[in-house]
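Step one of this worksheet: look at the structure below.
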Amino acid sequence: MEIRLKHVLVVEDSENDLELMLDVLEEHKLANKIAVARDGAEALAYIFKSGKWKDRESGNPTLILLDLKLPKRNGLEVLKEIRGNELTANIPVVILTSSKEEQDVYEGYRLGTNAYVVKPVGFDDFARAVKTLGIFWALINQPPGNK
Amino acid sequence: MNKRIITNGDTRTNKWQLQKLTDFSSIYQFVVSYKLSLFLSVFVIGVGLLVIAGWFFDWPLIKSLSPRFVSMKFNTALCFLFSGLAVFIFSFSKEKYYKYARLLAGLASIIGVLTLLEYSFQVNFGIDQMFVREAEGAVDTFSPGRMAFNTAVGFLLVGISLIIIDLRAWFATVASQLISLVVTFISMFSILGYVLSIPELFRFPGFSGMALHTSVLFFTVSLGTLFLYPHKGVLSVIFMKNLGGYMSRRLLPLLMLIPFIYIWLQLEWITGGFFRSILALQLLSAGIICVFIFMVWKIANRVGKLEENYMKAVENISEANERFTLAVKASDLGVWDWDIESDTVFWNRNMFAFYGIEEKGEEDIRKIWIDSFHPEDREEQQALAQDAVAFGRDYEAEYRIIRADGSVRYLKNIGEVLRDKANIPYRITGITFDVTEQKLTQKKLKESEGKYRYLFEENPVPIWIIDEGELTFLEVNRSAVKHYGYTEDEFYRMTYKDIRPKEDVDLALSMLRTGDISKHQGVWRHLKRNGEIIYVDVKGHKINYSGKPARLVICNDVTLQKEAEIKARLLSKELEERVKERTQELFESNKELESFAYSVSHDLRAPLRHVIGFAQKLERHLQYTGSSSETDRLMTKIKDSATKLGQLIDELLTFSRLGRADVNKSQIRIEQIVHEVINDYTIQYVKDKVEWNIQELPEIEADAVLLKSVYQNLINNSLKFSNKKEKIRIDVGYEENDKAYIFFVKDNGAGFSMEYADKLFGVFQRLHKSEDFSGTGIGLATVRRIIKKHGGKTWAEGQEGNGATFYFSVPK
C-alpha cells in the first residue's frame with residue numbers, strides 16, 4: 001500500500017511523549033516526512049510558513065497530530081487558527097491529548113477537529129492508538145486534495 | 001276643689017281684653033290706691049291743727065270763718081285731729097300701727113259720747129272748756145265750748161266706723177262704710193244748709209249748730225274713711241272690676257244727683273222760681289226720666305256688647321280648655337294647681353297616676369304632695385316652693401318621690417306663679433313630668449360612661465382621640481401621658497404631626513390626606529417627649545366625637561418586638577451573607593478539589609505513561625543487547641508498579657468525582673442494572689464460569705449511574721475474590737421492609753473474618769495481600785460513599801474461606 005502520509009506535523013511539548021510517538025510512527029513506517037513543533041507558536045509558524053519555518057518546503061501537512069497542552073499557544077488556539085485560514089482549513093487534524101475533559105472534547109469538535117484521541121495511560125495502549133491512527137489516516141482515509 | 005284650670009295663652013289675651021273693658025278710669029284708680037284717703041286725712045289734720053292754733057292764738061276768722069257762723073269748737077278740732085290721724089295711719093302706714101289709729105278713733109268717740117251725755121242729762125263734765133275758753137253768748141252755741149249735738153253724734157259715728165273698719169268679720173267693713181255714709185250725708189246736708197241758707201239742715205233744733213268747716217271736715221273725714229277699703233264692703237259695688245262695677249260707676253253718680261235736684265226743686269217752689277208751675281214740674285220730671293232712660297239704654301247696649309265679648313272669650317277659653325284637657329289626657333302630663341290663698345291643691349288624673357294613688361275625691365292632696373317627697377329631697381323642695389311664692393320666681397324642680405308601694409320615681413315640675421294687680425302671688429299652676437325613665441337611663445348612661453371612661457382612662461395601653469380635620473389631640477388617657485412623657489395640656493396643644501419624628505411627618509401626612517384608613521394601621525415611629533423614638537403599633541378607628549369626625553387611636557408600644565425583629569432580620573441577613581460566603585468557599589474549594597483531582601489524574605498519567613513506555617523501550621533494547629532473567633524480573637516489576645499506579649489514579653479520580661457528584665434519582669429497575677453490569681464484562685469466560693443466581697429485583701428510586709457503579713464494584717469484588725474456586729456462585733437478591741430495600745451480593749469466594757468487618761469499607765483498606773488478590777481497596781469505599789449519598793447503609797457478613805455477603809440498603 002502506498003503510504004499516503006507524506007507530510008505529518010506532530011505538535012507535542014512533552015519530550016517523552018514525543019519520543020514514544022515518533023518511535024511508533026517510524027516503527028510502522030507510517031509517514032515520509034515528520035515535522036515537529038514543540039509549542040503552539042512554533043506550530044503556527046510552521047503551518048503558515050513564517051518565523052523560523054519560513055524557508056521550509058511549501059505545501060500543507062497531510063496530517064497534524066495536535067496536543068492540547070502546549071506552551072505559548074495551546075492546541076485549541078492553534079486549531080482555531082488553522083481552521084480560520086482558507087488555505088489551511090482543510091488540513092486533517094487529530095487531537096491527541098491526555099485530557100479527557102468534556103469541555104476540551106466539545107471545544108475541539110466545535111473548532112473543527114477531525115478526531116479526538118485521548119492518550120492512553122498504559123504505554124501499550126498508547127502505542128496501539130498511535131499506530132491505529134497512523135494506519136487509518138495514512139492508508140484508509142482519503143486526504144483532502146490541494147486546490 | 002275641682003275647679004277647672006285655665007292655663008293657656010289664648011285665655012290670657014282674653015283676660016286682658018276683659019280687663020280693658022271693665023277697667024276704670026284714673027280717678028277711680030286714684031281712689032282705689034288709697035291715695036285719696038291719704039289726701040283727705042291730711043286735709044283734715046291740717047285744718048284741725050289750724051283751728052286749734054286759732055283757738056290758742058285767738059284767730060276769730062279761723063274759728064268761725066264768718067262772724068255770723070258758729071265756730072268750730074276746740075274739742076271738735078281736737079277730735080278731727082284724732083280722726084284725721086287715724087285715717088292717715090290706716091291709709092298710709094303698716095298694719096302694726098293700726099292699733100294707734102283705733103286708739104285715736106276711740107278718743108274721738110269718747111269725746112263725742114261725753115258731749116252727748118252732757119246734752120242728754122243736762123250736765124256739764126267740764127270737757128268743753130278744758131283747754132280753752134269761749135266767750136259766753138257765742139253764736140249758735142248752747143253752752144260755751146260745747147260742740148253741736150250733731151257734731152257729737154258725728155264723732156261718735158266716725159270713731160266707731162274707724163274702729164270697726166279693720167275687723168275681720170265680713171260685715172265690719174260694710175257697717176263701717178254705712179256709718180261713714182250716714183256721716184257723709186249729714187255733713188252734706190249741713191253744707192247744703194249753709195249754701196242754701198237753711199239753718200235747719202245744720203242745726204239740730206235746740207242745740208248748737210255745726211260749723212261750716214266742721215261740716216266740710218266731716219264730709220272729708222267720712223269720705224276718707226269710706227275710701228279706705230274701696231274694694232270691700234258696700235263700696236265694692238262701685239269699685240268692682242267687672243260689668244257690675246262698670247254699671248254702678250255709670251248709674252250711681254246719676255242717682256246721687258236726684259236728691260240735689262229735689263232740693264233744688266223745693267227751693268224753686270219755695271222761692272217761686274221758674275219751676276213753680278206744675279207744667280214745669282212735669283216737664284222736669286219727664287226730662288229726668290228721659291235722661292235716665294237714655295242712660296239705661298246706653299249702658300244696656302254697652303253691657304250687652306261687653307257680655308258678648310265676654311261670652312266669646314269664655315267660649316274661646318272653654319275651647320282651649322277642652323283642647324288642653326285632651327292634650328293632657330293624651331300625653332302623660334300631670335297638671336296641678338295650687339291656690340295659695342286657700343292653700344288647696346288640684347291634681348289632674350295623671351298626677352294621681354304618678355303618685356300611684358287612686359283618685360277618690362276626698363284626699364288632702366297637699367298633704368300627699370308633701371309626704372310623698374323623698375326624705376332627702378323634701379326640705380329642698382319645700383324651700384323651693386316657698387321661694388317661688390315669696391319672690392315670685394317661676395318654679396322649676398326635679399325631685400324624687402316614694403310611692404305608697406315603696407317605689408321611687410323621678411318627677412320634674414314646672415310651675416308658673418300668677419299674680420294679681422298688686423303683684424301678690426295668688427296661685428301657682430304647673431305641669432309635672434315623670435322622668436324616671438330618662439333619669440334611670442341617664443344613670444345607666446353615666447355608669448356606662450363611667451365604665452368606658454374608666455376603660456379609656458385606666459387602660460394600660462396609650463389611647464387617644466384626635467380630631468380628623470385639625471389633627472389635634474382631643475383626649476388622651478393616662479397611659480399616653482405616662483408613656484410619652486407629655487402632660488395632658490401639652491398633648492392638647494400638639495397635633496398628630498408633633499408625635500412623629502420629623503422624617504416621618506411627610507409620609508404620615510400623605511397617608512392622612514389620601515384618607516386611606518387602612519394605612520392608619522401598622523407600625524409607625526413615634527417621638528417621646530425626651531426625644532426617644534419608639535415603635536408603635538397603631539390602630540385607628542373612625543368615631544364621632546361630640547359631632548366632630550375623629551379617630552380613636554390605640555398605640556401599642558412594640559419597640560422591643562420591632563428591635564428584636566430588626567435584629568433578627570440583620571442576623572438573618574448576616575447569616576445569609578455568611579451562608580453565601582461559605583457556599584462560595586465550598587464551591588471554590590470544590591472547584592479546587594475538582595481541578596486538583598483533574599490535575600492529579602491528568603498530570604500523574606503522563607509520567608506514568610512515560611515510565612511504562614520507556615520501560616518497554618528498554619525491554620526491547622535489552623532484547624537486542626541481551627537480557628538476563630534478573631533484568632526481566634526487574635522489568636516486570638517496573639511495569640507492574642506503573643500499571644498499578646495507573647489503576648490507583650483512575651480509581652482515585654472516580655472516587656473523588658463520585659464524592660462531588662449529585663445524586664440524580666429516578667425510577668430505575670435494579671434487575672436491569674445488574675444485567676447490564678454483568679453483560680458489560682468483556683471477560684467472557686469469567687462470565688460463563690460463574691453460576692449467576694439473580695432474583696427478581698424491584699424498581700426503586702435511585703441514581704442509575706451510581707447504582708451501576710455499586711453493582712460493578714460488588715460483583716467485580718465477588719468475581720475477583722472467587723477466582724480461586726472451581727465453582728463460582730454469585731447470588732444477587734434483596735429484602736424489603738417498610739422503611740427500606742436491602743440488596744445483597746453473595747459469593748462463595750475467599751470470604752473474610754468478621755473480626756475485620758468494619759475495616760472492609762475503608763479507603764485503600766485491604767484484607768489480603770496484593771499477591772493473592774489484586775485490587776486497590778477503593779471499591780468498597782466507593783460503594784459506601786454512593787450508598788451513603790442515597791441515605792442508606794452498607795455492611796458485610798462473611799466467613800474466612802467460605803464466601804461473603806455484602807449488603808446495602810436504600811431507604812424508601
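The values are calculated or read from the model by the stated rules, or taken from the named source; none is laboratory data. Computed from a predicted model, the values in this text were never measured in an experiment. Here the Cβ is made from the backbone with ideal geometry for all residues, glycine too, and neighbour counts use every protein chain on show. The protein model used for the area step is the full one, side chains on, heavy atoms only, and it has no ligands, DNA or RNA in it. Shrake-Rupley method; radii C 1.70, N 1.55, O 1.52, S 1.80 Å.
Listed residues B:LYS439, B:LYS421; which is open to solvent by 70 Å² or more (accessible area, probe 1.4 Å), out of contact with any helix residue (DSSP H, G or I) (no Cβ under 8 Å at 6 or more places or on another chain) and either polar (S, T, N, Q) or not in a strand (DSSP E or B) (or both)?
B:LYS421
Out of the range B:543-565, which residues are assigned to a strand (DSSP E or B) and more than 14 Å from B:VAL523 (Cα to Cα)? Working first, answer last.
So in the range B:543-565, the residues assigned to a strand (DSSP E or B) come out as B:543-545, B:548-557.
If the condition is that a residue be assigned to a strand (DSSP E or B) and more than 14 Å from B:VAL523 (Cα to Cα), then B:ILE543, B:ASN544, B:TYR545, B:LYS548, B:PRO549, B:ALA550, B:ARG551, B:LEU552 are the ones that fit.
For the range B:586-601, how many residues are away from every other protein chain (no Cβ under 13 Å) and either open to solvent by 60 Å² or more (accessible area, probe 1.4 Å) or under 18 Å from B:GLN647 (Cα atoms) (or both)?
8
Determine if the range B:662-682 includes at least one residue that is within 14 Å of another protein chain (Cβ to nearest Cβ) and open to solvent by less than 70 Å² (accessible area, probe 1.4 Å).
So far as the range B:662-682 goes, no, none of its residues is within 14 Å of another protein chain (Cβ to nearest Cβ) and open to solvent by less than 70 Å² (accessible area, probe 1.4 Å).
Within the range A:133-147, is there a residue that is out of contact with any His (no Cβ under 7 Å at 6 or more places or on another chain) and under 30 Å from B:PHE596 (Cα atoms)?
no
Find all pairs meeting these conditions: Cβ atoms under 9 angstrom apart; at least six residues apart or on different chains; first residue within the range B:526-537 and closer than 18 Å to B:ASP489 by Cα and open to solvent by 50 Å² or more (accessible area, probe 1.4 Å); second residue modelled with pLDDT of 85 or more and not basic (Lys, Arg).
Pairs found: B:ARG529/B:TYR484; B:ARG529/B:GLY485; B:ARG529/B:TYR486; B:ARG529/B:THR487; B:ARG529/B:GLU490; B:ASN530/B:GLY485.
Go through the range A:92-147 and count every residue that is touching a residue at least 60 places away in the same chain (Cβ under 8 Å), touching a strand residue (DSSP E or B) at 6+ places or on another chain (Cβ under 7 Å) and more than 14 Å from chain B (Cβ to nearest Cβ).
Counting residues in the range A:92-147 that are touching a residue at least 60 places away in the same chain (Cβ under 8 Å), touching a strand residue (DSSP E or B) at 6+ places or on another chain (Cβ under 7 Å) and more than 14 Å from chain B (Cβ to nearest Cβ) gives 2.
Out of all the residues in the range B:354-383, which are part of a helix (DSSP H, G or I) and open to solvent by less than 60 Å² (accessible area, probe 1.4 Å)?
Matches in the range B:354-383: B:PHE354, B:TYR355, B:ILE365, B:ILE368, B:TRP369, B:ILE370, B:SER372, B:ASP377, B:GLN381, B:ALA383.
Given the options B:LEU604, B:LEU608, B:LEU653, B:LEU634, name the one that is within 14 Å of chain A (Cβ to nearest Cβ), open to solvent by 70 Å² or more (accessible area, probe 1.4 Å) and among the hydrophobic types (A, V, I, L, M, F, W, C).
Within the list B:LEU604, B:LEU608, B:LEU653, B:LEU634, the selection yields B:LEU604.
Report yes if A:ASP39 is of a type in the set (Asp, Glu), free of Cβ contacts under 8 Å to residues at least 24 places away in the same chain and away from chain B (no Cβ under 14 Å), otherwise no. Talk me through it step by step, then tell me what you get.
Working: of a type in the set (Asp, Glu): yes; free of Cβ contacts under 8 Å to residues at least 24 places away in the same chain: no; away from chain B (no Cβ under 14 Å): yes.
When the stated conditions are applied, A:ASP39 does not pass them.
Go through the range B:669-773 and tell me which strands (runs of 3 or more DSSP E), entirely inside it, have 2 or more residues that are at pLDDT below 90.
Answer list for the range B:669-773: B:690-694, B:699-703, B:728-736.
Take B:LEU156 and decide whether it is modelled with pLDDT of 75 or more, more than 60 Å from the chain's Cα centre (by Cα) and surrounded by 17 or more Cβ atoms within 10 Å (Cβ to Cβ).
Yes.
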